[in-house]
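Worksheet for the structure shown next.
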Amino acid sequence: APAATAPAAAAPAGPAGPVQATDADIFGAFLAQMGKAWDASDYRMCSFKHVFFDDLSTEAADGTLAPPTAQELQAKRAAAFAASDEALWSRADAHNPDPSRFCPVQLTGFQALHERHAAQQQTAARVASALHSSCDDLRAIEDEREVSVALRLRHCQSRQLQLSHRIVALAAAVESSRLARAEPRGGGEAPLSKGERAWVDRLRGVASAVRQPGQGAARLHALASSIALQGGGGAAVGGRGGGGAAAELSLPVLREWLPRHPD
């Protein structure tokens, strides 16, 4: 019988060589990488992402903006951090302009950016509408105020004209009385005293002043103050250099004469 042959010895295992990648493998990996870069659902691998800041302030009862509570701010920050790239979110939070009001929020993909822009446009439209409404209210208040001021001014002008006429008529009556007493014709009236002549000169000055535009109001106020002082007693008149003229001209008689001659 033929002798059995020994089995051939196995070839020693050598080091494995580099894997040869084909063009199809390289193109497939490139397509997978591009898909990850455009995948907006992957907030870590997507290349189109940016961190914005949401203002969490709310309108207070007085119309001003009030910062959120600590619990609301903490909850919003935790939710935003969980849905963001940690390194990108932390870098943005380090430059937060107002940590008590603003919270960093990552937007991933162009659709999220478009939705945020649309929301900002709606907010801007609401603010513009509120501003237009406020302008209309201010314009209505301004028109009403102008009408009120114009009516009051017309009333004051009419009143000033009436008072001017009364002063001129009083000056004419005093002048007639002065002439009658300066040249008595058997009327039995004594000539004007020095104090009476000074009072007549002052009244002439008032009558001349109220005939000039722009000076009637000041002179009327001065005359009212003078009458009030004269009505307080002879000492006040003497202190103003009147020499007792008010007592000699009989102010009660003048007060009775004025209502009967309103023009």
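We did not get these values from a lab; they are worked out from the coordinates using the rules stated. Fair warning: this is a prediction, and the values are worked out from it, not measured in the lab. Ideal geometry is used to build each Cβ from the backbone, glycine not excepted, and the neighbour counts take in all protein chains shown.
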Query raised in the report: Whose amide H sits under 5 Å from the amide H of D54, counting only residues 5 or more places off or on another chain, with H placed in the peptide plane?
Result: C103, V105
Requested in this report: First measure r as the distance between the Cβ atoms of D62 and R126, then evaluate 1/(1 + (r/R0)^6) with R0 = 22 Å and state the FRET efficiency to the nearest 0.05.
Outcome: 0.70
Report summary line: Expected sort for 139-147, 97-105 on mean C-beta neighbours within 10 Å, highest first, is 97-105, 139-147
Query raised in the report: Suppose R0 equals 30 Å; then what is the FRET efficiency for Q20 and A87 from their Cβ-Cβ distance, rounded to the nearest 0.05?
Result: 0.25
Report task. List the residues of segment 70-92 whose backbone N lies under 16 Å from a point placed 7 Å from the Cα of D42 along the Cα-to-Cβ direction. Result -> 84-86
Report task. Using packing as a proxy for protection, rank 79-88, 148-157 so that the peptide with the highest average count of other Cβ atoms within 10 Å comes first. Result -> 79-88, 148-157
Query raised in the report: For M34 and R145 in the same chain, what is the full-extension length gain: residue separation times 0.36 nm, less their Cα-Cα distance, in nm?
Result: 33.2 nm
